[in-house]
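The values are calculated or read from the model by the stated rules, or taken from the named source; none is laboratory data. Values in this document were obtained by computation on a predicted structure and should not be read as measured data. Counting neighbours? That spans all protein chains shown, and the Cβs are built from the backbone with ideal geometry, glycine included.
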Amino acid sequence: MDNLESILSENRVFSPSPEFSDRARIGSRAAFDALVAEAERDFEGFWARLAREFVTWDTPFTQTLDDSNAPFFKWFADGRLNVSVNCIDRHLPAKADKTAIIGESDDGTVTHISYQELHDRVAKFANALKAQGIEKGDRVVIYLPMIPDATVAMLACARIGAIHSVVFGGFSAEALRDRINDTEAKLVITADGNMRGGKKVTLKGQVDKALEHGCPSVETVIMLEHLGGVPTGTSSAKEMTWAEAVDGQPAECEPVMVEAEHPLFILYTSGSTGKPKGIVHSSGGYLVNAAMTCSWVFDLNDDDVYWCTADVGWITGHTYVTYGPLALGVTQVVFEGVPTYPDGGRFWDMVERHKVSVFYTAPTAIRALMKLGDEVPNKYDLSSLRLLGTVGEPINPEAWVWYHQVIGGGRCPITDTWWQTETGAHAIAPIPGAIDLVPGSCTLPLPGIMADVVDDHGKKVPTESGGNLVIKRPWPSMLRTIWGDDERFKRTYFPDNLPGYYLAGDSARRDQDGYIWIMGRIDDVINVSGHRLGTMEVESALVAHPDVAEAAVVGRPHDVKGESIVAFVVVKGDRPQGDAAEAMVKTLRDWVTEQIGPIAKPDDIRFGDNLPKTRSGKIMRRLLRGIAKGEPPEGDTSTLENPAILEQLMGND
Ligand code: WT7
């Protein structure tokens, strides 16, 4: 990050207030330390206790951790459960009329869905899936906007043991097709489209395109008529509207009890190769950590109104919109729109109107809203807030302090949660009633998560030294594998040089208090607005264009997005200049949007006659990262085969 200086200058400690701690689930450092000690003393007993506390089992488990086939760990393997029962049915006796979801659309229309209504909608839709031949273990792709129906679709899959794979609505037809084909999904759930920031976004059209390009596994497409449209697909798949699919279906659906290890979902994320990885999560272990962290880290109680702004297309939307909060039976806000429409006060207006008490968002959103000035949030009554959270990337202390003072009125703790698609749930985060906060640090590992910072041989690094962030023992919500690629799973997360540790892919350091500071990725992954993208993924998209011979992509620090994408491109034929270069930039930006989605569109594209390479042909990304920032190349360039290219890429020639 570019803000090392401000990190160093902000060393204030923010201790939990007595008002917060007194009512918190874990209300003191001593209570926290006792949990850490319990997990160290009796690791399996600790997790077994939590698994019984947070999850309702249909068949209780007798075995906690099975590590006989490490790193393919199993948790609670002989237990059986249904995740939708845990998120809905078990609340019904006491909370049938309680609001589960407050849905707010882009244009401000608000709908309240009670737990009973959620139950009925999920049951009907689960029956509709069954009527289309979907059975336990079948894969269903969900390509929907951020609306309550997405949660209904996910829970309906869980109800019958189908494995969902949600694809973010901002991904292109090409990206969608790759995910459909990798999962061999039988059914796709989508919508005609939706509104974001007053603009119409089409989704069904992307599904049509994906299917035209070949998705042989898809038998059925169900389209939610969200904008009042009708399905118009031309593929061989059977098409129907959501209304047609649920028509006549009963509001009861016998849940399918699955083994704890049965996959609940597959979610794709970027890695260091061009091909995204299908991260597989379990049912039982996943739900344990999802519910436990909502209780401990978000301190959610029955009277909270909780709002996580993430889209269900990302892991945050899985764990902290669909599964965690509903497992605890709380009321939450689900918002379809964007923070800046109709104006930059939208989030704060919604906090006031819905009396949100726990609010969770990304540093990039905080930075963007901070830029609009304090007078925007100051217009609203934000006194309902009692806890704030962030996720996705390191938060710079300036944004942290603004969030704390201007949004939280100086009274709300901020929980900076470090975790990943792969960890399934929070792994390192301050428990807000117990832990002193230091802006910019995600503080301490949660009890039971044995995170540490080690060198390349697995040896703990000294205090304040950078190293690899690892988790030394398995935990219930860890990924189980990469869909269809056990070898890649092993190689990526449990490399031979580390003694059985989970390698997170981040670098970090620990300070003298044991607090963890995330420094950045160690692989070729960039983090744009809290979204993870592989540099190779963008490069593969670029070189797939007929005019591109070669491409290298790096991240450049960006004051709102965290990082932005810079691409260095060699075209076939002469290097384009002037108007031709401008036209080519536009072509390639559109091309990447089509191949992956708008989030992958490079901010800056530069053309060269070639790329800086070592004599053995390896692209020297370190130099490109410097050039992208406008800094003259520093460090060793002696292994460079073609030093003159640096001047050209810097634009000096
Ligand atoms: C990567 C995981 C987990 C949900 C959102 C992103 C970065 C995540 C933090 C944080 C510093 C963070 C890491 C991590 N990251 N949270 N609080 N502080 N960095 O999930 O797409 O799987 O990305 O996001 O680099 O490895 P993801």
Checklist entry - Which residues, taken from the range 21-35, are part of a helix (DSSP H, G or I) and crowded, with 18+ Cβ neighbours inside 10 Å? => result S21, F32, L35
Next on the checklist: Looking at the range 145-162, can you tell me whether even one residue there is outside any strand (DSSP E or B), more than 28 Å from A175 (Cβ to Cβ) and of a type outside the set (K, R)?
Outcome noted: no
Item to check | Residue tally, condition among the β-branched types (V, I, T) and part of a loop (DSSP other than H, G, I, E, B), over the range 310-345 | outcome: 4
Next on the checklist: Being surrounded by fewer than 20 Cβ atoms within 10 Å (Cβ to Cβ), assigned to a helix (DSSP H, G or I), of a type outside the set (A, V, I, L, M) and more than 13 Å from the ligand (Cβ to nearest atom) is the requirement here; does E464 meet it?
Outcome noted: no
Checklist outcome for this item: Residue pairs within 7 Å by beta carbon, gap of at least six or interchain, first lying in the range 355-369 and closer than 14 Å to V406 by Cα, second among the polar types (S, T, N, Q), listed first then second, are I366/T390
Next on the checklist: Against the definition (more than 19 Å from the chain's Cα centre (by Cα) and either more than 10 Å from the ligand (Cβ to nearest atom) or not acidic (D, E) (or both)), how does M519 come out, yes or no?
Outcome noted: no
Checklist entry - Out of curiosity, is T421 assigned to a loop (DSSP other than H, G, I, E, B), of a type in the set (V, I, T), more than 15 Å from the ligand (Cβ to nearest atom) and surrounded by fewer than 22 Cβ atoms within 10 Å (Cβ to Cβ)? => result no
Next on the checklist: Tell me the residue from V330, V358, V305, V334 that is away from the ligand (no atom under 16 Å from the Cβ) and surrounded by fewer than 24 Cβ atoms within 10 Å (Cβ to Cβ), please.
Outcome noted: V305
Checklist entry - Out of (1) closer than 20 Å to G500 by Cβ; (2) more than 16 Å from the ligand (Cβ to nearest atom), the odd one out for I471 is which? => result (2)
Checklist entry - Here are some residues: P377, P413, P394, P363. Which one is surrounded by 19 or more Cβ atoms within 10 Å (Cβ to Cβ), more than 12 Å from the ligand (Cβ to nearest atom) and under 23 Å from the mean Cα position of the chain (by Cα)? => result P413
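Just name the residue that is surrounded by the fewest Cβ atoms within 10 Å (Cβ to Cβ) out of those in the range 51-76 that are in contact with an Asp or Glu (Cβ under 7 Å, 6 or more places away or on another chain) and farther than 25 Å from D485 by Cα.
Looking at residues that are in contact with an Asp or Glu (Cβ under 7 Å, 6 or more places away or on another chain) and farther than 25 Å from D485 by Cα, I get T62.
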Checklist entry - If we keep just the residues of the range 246-282 that are out of contact with any Lys or Arg (no Cβ under 9 Å at 6 or more places or on another chain) and buried (at least 21 other Cβ atoms within 10 Å of the Cβ), which is nearest to I482 (Cα to Cα)? => result L267
Checklist entry - Which of (1) in contact with a Lys or Arg (Cβ under 7 Å, 6 or more places away or on another chain); (2) crowded, with 24+ Cβ neighbours inside 10 Å; (3) assigned to a loop (DSSP other than H, G, I, E, B) is the odd one out, the single condition V122 does not satisfy? => result (3)
Next on the checklist: Considering only the range 453-472, I want to know if a residue exists there that is modelled with pLDDT of 95 or more, under 18 Å from A290 (Cβ atoms) and small (G, A, S).
Outcome noted: no
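Looking only at residues that are assigned to a loop (DSSP other than H, G, I, E, B) and in contact with a strand residue (DSSP E or B) (Cβ under 8 Å, 6 or more places away or on another chain) in the range 597-608, which one is nearest to Q648 (Cα to Cα)?
G608
For (1) within 20 Å of the chain's Cα centre (by Cα); (2) of a type in the set (K, R); (3) farther than 20 Å from G233 by Cβ, each residue gets a yes or a no:
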{"site": "E117", "(1), (2), (3)": "no, no, yes"}
{"site": "L129", "(1), (2), (3)": "no, no, no"}
{"site": "V140", "(1), (2), (3)": "yes, no, no"}
{"site": "P145", "(1), (2), (3)": "yes, no, no"}
{"site": "D149", "(1), (2), (3)": "yes, no, no"}
{"site": "M154", "(1), (2), (3)": "yes, no, yes"}
{"site": "A185", "(1), (2), (3)": "no, no, no"}
Checklist outcome for this item: Only one of L479, L533 is crowded, with 20+ Cβ neighbours inside 10 Å, under 19 Å from F73 (Cβ atoms) and within 12 Å of the ligand (Cβ to nearest atom), namely L479
Checklist entry - Looking at A123, A131, A175, A94, which one is of a type in the set (A, V, I, L, M, F, W, C) and out of contact with any helix residue (DSSP H, G or I) (no Cβ under 8 Å at 6 or more places or on another chain)? => result A94
Checklist entry - Has the range 548-567 got any residue that is surrounded by fewer than 19 Cβ atoms within 10 Å (Cβ to Cβ) and more than 30 Å from N11 (Cα to Cα)? => result yes
Item to check | Given (1) assigned to a loop (DSSP other than H, G, I, E, B); (2) under 30 Å from H112 (Cβ atoms); (3) within 16 Å of the ligand (Cβ to nearest atom); (4) touching a Pro at 6+ places or on another chain (Cβ under 6 Å), number of the condition H426 does not satisfy | outcome: (4)
Item to check | Members of the range 609-626 that are outside any loop (DSSP other than H, G, I, E, B) and under 18 Å from V525 (Cα atoms) | outcome: I619, R621, R622, L623, L624, R625, G626
Item to check | Filtered residue count, the range 469-498, keeping only those that are assigned to a helix (DSSP H, G or I) and out of contact with any Pro (no Cβ under 9 Å at 6 or more places or on another chain) | outcome: 5
